[in-house]
Structure formats: structure tokens, C-alpha cells
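The values are calculated or read from the model by the stated rules, or taken from the named source; none is laboratory data. Model, not experiment: these values are computed from the prediction. All Cβ positions, even for glycine, are placed from backbone atoms using ideal geometry, and neighbour counts span all protein chains on display.
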Amino acid sequence: MTVPNQRKPNRLINEKSPYLLQHAYNPVDWFPWCTEAFKKAKEEDKPVFVSIGYS
């Protein structure tokens, strides 16, 4: 028996923007523009990639 692929939402699921919500089920650990995102990037010494949208 095959179990259906249950997609889990990422943290964008709580946003109000239709653009961000369309990515809420992507298998990527997306962050909205927030202090938490920049704090995590600094702690992990990782770059921040900013999407300005394409819709």
C-alpha cells in the first residue's frame, strides 16, 4: 500500500501576501522578511538570498 505524499507547509503559511502563500508548500525552509531570518543567517554564517518576486 502506498502512502500519499503529505506536504507540510513551511513558515510562509502564516503570511498574508498571496505571493508568499503560493510558496508555503515548497520543500524549502523559506523565511519572510524578518529579524529571525537575518539572525539565523548571521549565526550560521550564511548568505541571505532575497526574492523580489516574479509573478
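Residue by residue through region 36-55, note down the ones that are over 14 Å from the mean Cα position of the chain (by Cα) and of a type in the set (Ser, Thr, Tyr).
Within region 36-55, Tyr54, Ser55 qualify.
For region 1-18, name all the residues that are at pLDDT 90 or above and either touching a Gly at 6+ places or on another chain (Cβ under 7 Å) or assigned to a loop (DSSP other than H, G, I, E, B) (or both).
The answer is Lys8, Pro9, Asn10, Glu15, Lys16, Ser17.
Specify the residue that is surrounded by the most Cβ atoms within 10 Å (Cβ to Cβ); the eligible residues are those in region 20-55 that are among the hydroxyl-bearing types (Ser, Thr, Tyr) and at pLDDT 90 or above.
For region 20-55, the residue satisfying everything is Tyr25.
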